[in-house]
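First comes the structure, then the notes that go with it.
The values are calculated or read from the model by the stated rules, or taken from the named source; none is laboratory data. Just so you know, these numbers come straight off a predicted model, no measurement behind them. Every residue, glycine among them, receives a Cβ derived from its backbone with ideal geometry; neighbour counts consider all protein chains shown. Remember, those area values only see protein heavy atoms, side chains included, never the ligands or the DNA or RNA. Shrake-Rupley method; radii C 1.70, N 1.55, O 1.52, S 1.80 Å.
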Amino acid sequence: MRPVQRSEILDYQTYEEIRESFRRDVFTAKSRRRIHVGDYFTFLFENPLTIRYQVQEMMRAEKIVKEKDIEHELETYNQLLGENGGLGTTLLIEMDNPEERASKLRAWYSLPEHIYALLDDGTKVRATFDPAQRGSDRLSSVQYLKFPVKGKVPVAIGLDHPAISIETRLTDDQRAALSEDLAL
């Protein structure tokens, strides 16, 4: 997937002028790339549009104008994209109850090794992840994952952890969105 280029980024004041319409476009794109797996897991697949949005919003919030700082934001967020025919996703582990969340994040410490994208031939492609996203005894509630699917569109996303096993089939619209992203 192609990274977002510096030439695609507006200064934060110009961005403010188009922000509302841009946000509508991004939220529409995100809705097609958001996959809920069970009650707690939301996978948001990233593409250049969602990354551009993140960079623009950071620049707006932090009033970033220095070129080196803009380049840093681009480098940071572009790392979330899939590489070489792969898909990048942000996984949100969402629970309202702080005690339950803390308990589950400890119990699910090894969860990243048990996340997969299911291909139409039955192959489970395991997610790759950054081990720094977990502490010494618990998992972070936000994970940045990559699925090296080699240009193939998954039919499902699942977890096969000993404490939780669940899978969600992708809709035709979700699969079409990911196919579009893999073509970038």
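Quick look at the numbers
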quantity: Farthest toward positive dipole pole in the chain [+1 Lys/Arg, -1 Asp/Glu at C-beta], among Gly158, Tyr12, Ala177; calculated: Gly158
quantity: For the chain, calculated [θ]222 nm from helices alone, where every DSSP H run of n ≥ 4 adds -39500 (n - 2.57); calculated: -12500 deg cm²/dmol
quantity: Carbon/sulfur fraction of accessible area - the range 1-155, other protein chains in place, 1.4 Å, %; calculated: 47 percent
quantity: Accessible area expressed per residue, the range 115-171, with surrounding protein chains retained (probe 1.4 Å, Å²); calculated: 50 Å²
quantity: Label corresponding to Cα extents along the principal axes in Å when calculated from the structure given, among (1) 49, 38, 26; (2) 76, 52, 26; (3) 83, 33, 27; calculated: (1)
quantity: Stokes-Einstein D in µm²/s, Kirkwood radius over Cα pairs - the range 120-184 at 10 °C with 1.306 mPa s viscosity; calculated: 116 µm²/s
quantity: Simple label model, 7 Å out from Cα along Cβ direction - Ser110 to Asp137, nm; calculated: 1.8 nm
quantity: Trypsin sites (Lys or Arg not before Pro) restricted to the range 1-70 and DSSP loop, no more than 12 other C-beta within 10 Å; calculated: Lys63, Lys66
quantity: Given Lys104/Lys124; Lys124/Lys150; Lys124/Lys146; Lys30/Lys146, the pairs whose alpha carbons are separated by over 21 Å; calculated: Lys104/Lys124
quantity: DSSP-assigned coil residues among trypsin sites (Lys or Arg not before Pro) in the range 102-150, each with at most 13 further Cβ atoms within 10 Å; calculated: Lys150
quantity: The range 89-184: GluC sites (Glu not before Pro) in DSSP coil with no more than 14 other Cβ atoms inside 10 Å; calculated: Glu94
quantity: Relative contact order %, the chain, counting alpha carbon pairs below 8 Å whose residues are six or more apart; calculated: 24 percent
quantity: Whole-number Å³ per residue for the convex hull built on Cα positions in the range 1-75; calculated: 107 Å³
quantity: Contact order relative to length of the range 86-154, as percent, for alpha carbon pairs under 8 angstrom and 6 or more apart; calculated: 45 percent
quantity: Computed label-point distance, nm, for sites Lys124 and Ala183 using a 7 Å Cα→Cβ extension; calculated: 3.1 nm
quantity: Stretchable slack from Asp39 to Ser103, in nm (0.36 nm times residue separation minus alpha-carbon distance); calculated: 21.5 nm
quantity: Dipole magnitude (debye, nearest 20) for the chain, charges at Cβ of Lys, Arg, Asp, Glu; calculated: 240 debye
